[in-house]
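Values in this text are rule-based calculations from the coordinates and carry no lab data. Here the structure is a predicted model, which means the values were calculated and not measured. Please note: Cβ atoms are built from the backbone with ideal geometry, for glycine as well, and neighbour counts cover all protein chains shown.
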Amino acid sequence: MTRVFCAPKDAIPEDRSADVTYFSMYGHDGLPDVSIVGASLIEDIKRAGVEPGAASWDFLTLALAVNAADHAVERSPSADGWTRVIELEVVLYEPAPFAELTDDIEQTLRFLTGDFWHISFLEGGYPPPIPKHRVVHDADCVSLLSGGLDSLVGALDLTAGGRSPVFVSHIAKGDSETQVLYARTLGGGDRHLQWNQNIWLKPQRDGEGSTRGRSIVFFAFAALAADSHADATGSNAVDVVVPENGLISLNVPLNAGRVGSLSTKTTHPVFMRRLQAIWSRLGIPASLQLPYAAVTKAEMMERCLDRPRLSELAGQSTSCGRYAVYGLQHCGRCVPCLVRRSAFLCSGIADTTPKAYHFTDLKAAQPERGANDVAAVAAAVMKVEESGVRAFTAGQFAAFASPIERVAFEGVVERGLAELGRLLRYHQVL
């Protein structure tokens, strides 16, 4: 078991244990053995005119602590090289409501990251920030804007449909300028919140690269924005739109060996439902909406309500799972890249991705460095074609989906793999 302690800088003990990783939250005093998370967030939130309540503020604190622990604790020393046991102590402003949900929170994180979590909630956290002037946006929802292709389609559809979203972005390397471009192009530049969690490990090191918990901070940012907007406008709840295609959300493992490390649960229906239940019990007025849960990426592009603007902007989006590894260039052969390329091909929209792809020819893309998902995707495509989609999904949806939902989920997986099959045949892999 690995222990992680996350608290305001004044609550970091002077007598620190060598067996504990300490994080100073929202501020730091330069201690060489204390890591940092969210150092600028309080001032950033104030400048944005956002005024959250205690529950959404403490949820952000919890999310930052979870992601800090996820980043600091490496998987390789664990017994199976993947599953960790993490004991997390996090200091909140009002910990009692969270303490009542400890089991639910731990199980939700277990599903998201694949680890065993043991969380303790302590008193003494910073109070919610209060801006000098609260900003009330002329908006009717919140929408995640990552800089990816799905979030672009979601933003275009909302805008073309007459809605006015507050765009919330989690700054990532290579995406910041794209996020700004999309928001401004859609007339939402003044409704765009861009925040960064800023994790700094001390002593300086790379940390764990899998970061399965990173999405919870993105959702916490959205909850914060929704809470502030609901309070300012007297709304009972604000929609939080999560624009993600169904194939990626479900992320059915391509084979039995990819259940853990290569199958993320970022927007999986189970995680979304558990997250919503936690928000509802905490009284956070945010309602998660997944309009593309049964739609493939190509179908999102085909049905986009503003195809001319999509054609103009789509190439500048980021999809690659190894974008930084290849010098801010799409690798072209990871699962997100393959889904992206198949969506362009099947939708008929020209792929104008800058610098093209590191591995342009999929037939020649050999695994000399990093994961090569082409063979795994090809095997999955063949299995569905030969044995049907239920042989591929192997009853995975029965545990959480109604019969109607199972049919919809099986359909999006089948159509998504058919799109990937068309891409692989185009490249003569199949």
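Let me check I've understood the local charge: for residue 392, count other residues with C-beta under 11 angstrom from its C-beta, Lys and Arg +1, Asp and Glu -1. What total comes out? Could the numbers behind the result be given before it?
On the way: positive: 383, 390; negative: 385, 386, 410, 414.
Cβ neighbours under 11 Å give a net charge of -2.
Can you tally the net charge around residue 18? Count Lys and Arg as +1, Asp and Glu as -1, for every other residue whose Cβ sits under 13 Å from the Cβ of residue 18. Before the final figure, lay out the partial values.
On the way: positive: 3, 16; negative: 15, 19, 33.
Once all neighbours under 13 Å are counted, the net charge is -1.
What are the residues whose amide H is under 5 Å from the amide H of residue 21, where those residues sit 5 or more places off or on another chain and H is modelled from the backbone?
Residues meeting the criterion, in which the H sits 1.01 Å from N, are 3, 4, 5.
Taking every pair of Cα atoms in segment 319-426, average 1/r, invert it to obtain the Kirkwood radius, and report Rg/Rh to two decimals.
On the way: Rg = 15.2 Å, Rh = 15.0 Å.
With Rh from the inverse mean 1/r over Cα pairs, Rg/Rh is 1.02.
Average projected area of the Cα convex hull of segment 2-123, in nm²? Let's see the in-between values first.
Details: hull surface 32.0 nm².
If you wrap the Cα atoms of segment 2-123 in a convex hull and average its projections, you get 8.0 nm².
Spelling out what I want: for every residue of segment 115-124, take phi, set θ = phi - 60°, compute 6.51 cos²θ - 1.76 cosθ + 1.60 (Karplus), and round to whole Hz; glycine and proline get x.
Once rounded to whole Hz, the list reads 10, 9, 10, 10, 10, 10, 10, 10, 7, x.
How far is helix 374-387 tilted off the main Cα axis of the chain, in degrees rounded to 10, range 0 to 90?
The answer is roughly 60 degrees.
Divide the volume of the convex hull of the Cα atoms of segment 243-327 by its number of residues and quote the answer in cubic angstrom per residue.
Working: hull volume 12.8 nm³, N = 85.
Hull volume over Cα atoms, normalised by residue count, gives 151 Å³.
Return the percentage of antiparallel bridges among DSSP beta bridges fully within the chain, rounded to the nearest 5 %.
Details: 1 of 37 bridges.
Once the DSSP bridges in the chain are tallied, antiparallel ones form about 5 percent.
Express the C-alpha Rg of the chain as a ratio against the empirical globular expectation 2.2 N^0.38 Å, rounded to two decimals. The partial results should precede the final answer.
Working: Rg = 21.4 Å, N = 430, 2.2 N^0.38 = 22.0 Å.
That works out to 0.97 for the chain.
Over what distance in Å are the Cα centres of segment 290-320 and segment 123-159 separated?
Using only Cα atoms, the two centres lie 20 Å from each other.
If you take the Cα Rg of segment 190-231 and divide it by 2.2 N^0.38 Å, with N the number of residues, what do you get?
On the way: Rg = 13.9 Å, N = 42, 2.2 N^0.38 = 9.1 Å.
For segment 190-231, the normalised Cα radius of gyration is 1.53.
For a quick protection proxy, order the peptides 54-62, 221-229 by their average other-Cβ count within 10 Å, most packed first.
Listed from highest to lowest mean packing, they are 221-229, 54-62.
Quick check: net charge around residue 232, other residues with Cβ under 10 Å of its Cβ, Lys/Arg +1 and Asp/Glu -1?
On the way: positive: 134; negative: 51, 227, 231.
After counting each charged neighbour, the total is -2.
Show log10 I(q)/I(0) for segment 160-273 at q = 0.11, 0.12, 0.16 Å⁻¹, two decimals, from a solvent-free Debye sum over equal Cα scatterers.
-0.49, -0.58, -0.97
Need the C-alpha centroid separation for segment 402-422 versus segment 184-250, integer Å.
27 Å
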